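Each value in this text was obtained by applying a stated rule to the coordinates, not by laboratory testing. These numbers were taken from a predicted model, which means no experiment stands behind them. All Cβ positions, glycine included, derive from the backbone under ideal geometry; neighbour counts span all protein chains shown.
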């Protein structure tokens, strides 16, 4: 369901506090619709929609990975980057607890726990991205440089498959 009003989320607060330029967009959220639904409803390229995934390594240490909506994360590649044996996506309840957001509305901005953020390097080649703003059915359109401006310790990686 499309939000009738846009709630003030921690992600929006973090973006505003950083002085970031962004425009909020709304779409009808459907469970399991993901970035494909967002792209279709907004009439944008699916590649420009960015998903925020909460993962953990074998020690259960959580972290964030940002990936194009039409791509998957190479967990083996990401494990190599992190210097760990394995990484896997968190269970939805665990991801919710770490991020402070519900799966389907997860944003890398304003997370409950401070986590390392890894972003697919090719995201920064796009002129505009559409990334979740902390609530299901709401995304922020922005220049990808905003990610590094708001999250200065983000690490660019090449882990798309």
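Would you pick out the residues in the range 97-123 that are in a loop (DSSP other than H, G, I, E, B), within 10 Å of the chain's Cα centre (by Cα) and closer than 18 Å to residue 150 by Cα? Answer for the range 97-123, where residues must be in a loop (DSSP other than H, G, I, E, B), within 10 Å of the chain's Cα centre (by Cα) and closer than 18 Å to residue 150 by Cα: 106, 107, 108, 109. Out of all the residues in the range 124-161, which are under 16 Å from residue 18 (Cα atoms) and assigned to a loop (DSSP other than H, G, I, E, B)? Within the range 124-161, 143, 144, 151, 152, 153, 154 meet the criteria.
Quick check on the range 81-95: of everything there that is assigned to a helix (DSSP H, G or I) and free of Cβ contacts under 8 Å to residues at least 60 places away in the same chain, which residue is surrounded by the fewest Cβ atoms within 10 Å (Cβ to Cβ)? Filtering the range 81-95 for residues that are assigned to a helix (DSSP H, G or I) and free of Cβ contacts under 8 Å to residues at least 60 places away in the same chain, the one surrounded by the fewest Cβ atoms within 10 Å (Cβ to Cβ) comes out as 93.
Here residue 128 meets the list (1) touching a helix residue (DSSP H, G or I) at 6+ places or on another chain (Cβ under 9 Å); (2) farther than 24 Å from residue 32 by Cβ; (3) surrounded by 15 or more Cβ atoms within 10 Å (Cβ to Cβ); (4) in contact (Cβ under 8 Å) with a residue 40 or more places away in the chain almost entirely, failing just condition (3).
Tell me the strands (runs of 3 or more DSSP E) entirely within the range 1-80 that contain at least 3 residues that are buried (at least 19 other Cβ atoms within 10 Å of the Cβ).
Here the list reads 49-57, 62-68.
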